[in-house]
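Asker: Handing you a structure now.
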Amino acid sequence: MKALKISGSILGLIFGISLLTAAGCATKGVQPEKLGAQLWGENCVRCHNAPNPQAFSDAQWETATMHMRVRASLTADETEKIVAFLKMAN
Amino acid sequence: MKNMAVICTCILLFLGGGLFAQEENELTEITTRLNELKPGKSRFMMRGYAHSGLEIYENSSSFVGGSFNPIFLWQQSERLLFEGELEVELEDGQTVVGLEYANISYILSKAAILRVGRFLLPFGIFGDRLHPRWINRLPTNPLGFTHDAQVGPTTDMGVELRGGMPMGTGKINYSLYIVNGPTLNEGMVDAEEGGQLHYANYNDNNKNKAVGGRLGILPLNNSSVEIGFSGQRGKVGDTDSEYADVSATMLAVDFSMVKNLTALNSVLDVKAQWNQVSVSDASYISPEDPTGTTEYTFENKSNAWFARAALKPAYVDNAVLKNIEFTGRYSRMTLAEGAAWATDQTQITFGFNYWLDWRTVIKFAYQINDTAAESDHGEGGGRTTGLTGGGAEEAAGGHGEPSGNAFFVHWSIGF
């Protein structure tokens with residue numbers, strides 16, 4: 001039980017430190033106009049590993065990104081740019 | 001000489017014309033073939049995932065059949081999408097097929113999507129986003145997030161409005177839903193279970209619908225952090241019973257962070273969620289009384305939470321090391337103190353994964369389970385029931401065995 005509590009505290013510490021570093025690294029100011037590749041890199045890793053653009057055909061990417069727009073509540077603009085990038089990079 | 005030149009030109013033109021006509025024919029044929037392959041506006045895609053593994057406990061070990069989950073996606077138009085998932089599992093030598101979800105989404109506007117049917121509830125993030133085996137970084141689910149011991153809902157039938165939009169320098173996303181909601185186990189069949197909630201309902205047991213939602217805030221403009229607040233409330237008792245007015249209020253807070261740690265050439269992924277389920281006061285048949293006439297009551301409030309971290313040195317040069325990911329998770333579940341099914345459990349799971357590609361992984365993990373001593377519980381006896389077992393459906397304790405430490409090797413593939 002004691003070991004569990006200690007491990008719990010360590011995880012809590014990692015959690016706290018990571019939040020602080022994340023806040024420190026984010027650029028400040030109004031959301032700049034971002035490219036599809038950057039949006040893919042930032043968003044498609046949030047829940048699972050970023051998918052390889054070559055994994056699917058253009059038509060398949062349209063369906064998969066629509067699925068993700070619904071499931072991951074991506075914004076409409078993000079989705080549009082990401083799908084254009086994936087179709088170009090596959 | 002002049003005549004020769006004219007004749008040669010004529011021959012060349014003739015041949016060239018012939019060649020051109022041949023090219024034109026080929027082009028027409030290729031165009032026809034391509035047109036035949038045109039995907040059309042309505043698309044079907046079959047995806048999904050599968051997993052299985054080896055689980056080693058103190059006195060036993062077993063290869064587990066795991067599951068195969070096909071996912072069907074039909075994109076009827078740019079606005080209309082159907083998603084359906086089946087779960088095919090082996091249970092006690094039988095193949096069991098379950099319906100995980102089946103719903104239609106219609107994109108109403110840039111920031112609003114209507115979903116109807118059976119869907120994964122955005123109550124926190126584990127059920128909605130993290131549970132698929134190729135996404136969950138550990139072979140087991142956290143305490144309180146398993147089929148056997150569930151604190152908080154994961155799927156239900158109903159209607160939902162959801163969406164995401166930019167907000168200031170960051171983004172927000174939201175979901176508002178009305179569903180059947182969980183039902184109350186009145187303890188009539190098994191007195192030891194009185195007061196528990198059943199979540200997987202295809203029919204409602206009353207006219208009241210559960211209302212819930214989640215607000216997700218991504219405060220940073222690189223989308224690396226998300227904090228979510230979820231809630232759900234509704235009556236859970238049977239209309240015609242003395243429990244008709246018993247209701248459940250459920251709350252969850254979740255946290256996600258994915259961050260490149262340049263100094264370590266690694267990606268750090270942190271996820272956490274806390275769930276609380278409170279059922280309003282009611283009396284149930286006391287399991288201590290074999291005649292079934294005495295009633296008892298308790299504070300029906302359960303909590304479950306987990307925090308997990310995964311570190312993947314994805315940017316190192318070493319071809320093997322870059323595919324390895326180190327993982328650790330702490331989870332704790334306390335179920336209704338004073339109830340016959342009360343428990344206080346903690347679990348720590350740690351290990352590493354080897355990624356063959358972005359959605360195929362072999363996971364190695366060691367899991368330590370700890371259940372607080374019986375005397376820690378209230379006057380209800382504080383027995384640990386089978387329900388409160390280990391992390392995975394197959395894990396020790398999941399079927400009424402005492403929970404213990406275990407070693408897991410699982411593989412999962414998303415496709």
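The values are calculated or read from the model by the stated rules, or taken from the named source; none is laboratory data. Treat the numbers as computed from the prediction; the structure is a model and nothing was measured. Note that we place each Cβ from the backbone using ideal geometry, even for glycine, and neighbour counts take in every protein chain shown. Only protein heavy atoms, including side chains, enter the accessible area calculation; ligands, DNA and RNA are left aside. Shrake-Rupley method; radii C 1.70, N 1.55, O 1.52, S 1.80 Å.
Asker: Say whether the condition of being buried (at least 16 other Cβ atoms within 10 Å of the Cβ), among the polar types (S, T, N, Q), under 23 Å from the mean Cα position of the chain (by Cα) and more than 26 Å from B:ILE135 (Cα to Cα) is met by at least one residue in the range B:204-214.
Answerer: The answer is no; no qualifying residue exists.
Asker: Among the strands (runs of 3 or more DSSP E) confined wholly to the range B:56-146, which include 2 or more residues that are away from chain A (no Cβ under 14 Å) and open to solvent by 10 Å² or more (accessible area, probe 1.4 Å)? Talk me through it step by step, then tell me what you get.
Answerer: On the way: elements: B:61-75, B:80-91, B:94-109, B:112-120.
The strands (runs of 3 or more DSSP E) meeting that bar are B:61-75, B:80-91, B:94-109.
Asker: Scan the range B:219-229 and tell me whether some residue there is within 26 Å of the chain's Cα centre (by Cα) and at positive phi.
Answerer: yes
Asker: Using beta carbons and a limit of 6 Å, which pairs, at least six apart or on different chains, have the first residue in the range A:67-85 and more than 7 Å from every other protein chain (Cβ to nearest Cβ) and the second one of a type in the set (Phe, Trp, Tyr)?
Answerer: Going by the 6 Å Cβ cut-off, the qualifying pairs are A:ILE82/A:TRP40; A:VAL83/A:TRP61; A:PHE85/A:TRP40.
Asker: Is it true that some residue in the range B:288-301 is of a type in the set (Lys, Arg), closer than 25 Å to B:LEU215 by Cβ and modelled with pLDDT of 95 or more? Before you say what the answer is, go through the steps one by one.
Answerer: Here is the first cut: in the range B:288-301, the ones of a type in the set (Lys, Arg) are B:301.
Keeping just the survivors that are closer than 25 Å to B:LEU215 by Cβ gives B:301.
From what is left, the residues that are modelled with pLDDT of 95 or more are B:301.
Yes, some residue in the range B:288-301 is of a type in the set (Lys, Arg), closer than 25 Å to B:LEU215 by Cβ and modelled with pLDDT of 95 or more.
Asker: Now a separate question. Only residues in the range A:37-60 that are in contact (Cβ under 8 Å) with a residue 12 or more places away in the chain and more than 9 Å from chain B (Cβ to nearest Cβ) count as the first member; pair them with residues that are in a loop (DSSP other than H, G, I, E, B) and open to solvent by 40 Å² or more (accessible area, probe 1.4 Å), Cβ under 6 angstrom, at least 6 apart or cross-chain, and list the lot.
Answerer: Close Cβ pairs (under 6 Å, with a partner that is in a loop (DSSP other than H, G, I, E, B) and open to solvent by 40 Å² or more (accessible area, probe 1.4 Å)) amount to A:PRO53/A:ASN90; A:GLN54/A:ASN90.
Asker: When the range B:338-374 is examined, which residues are found to be in contact with a helix residue (DSSP H, G or I) (Cβ under 9 Å, 6 or more places away or on another chain), open to solvent by 30 Å² or more (accessible area, probe 1.4 Å) and aliphatic (A, V, I, L, M)?
Answerer: B:LEU356, B:ILE368
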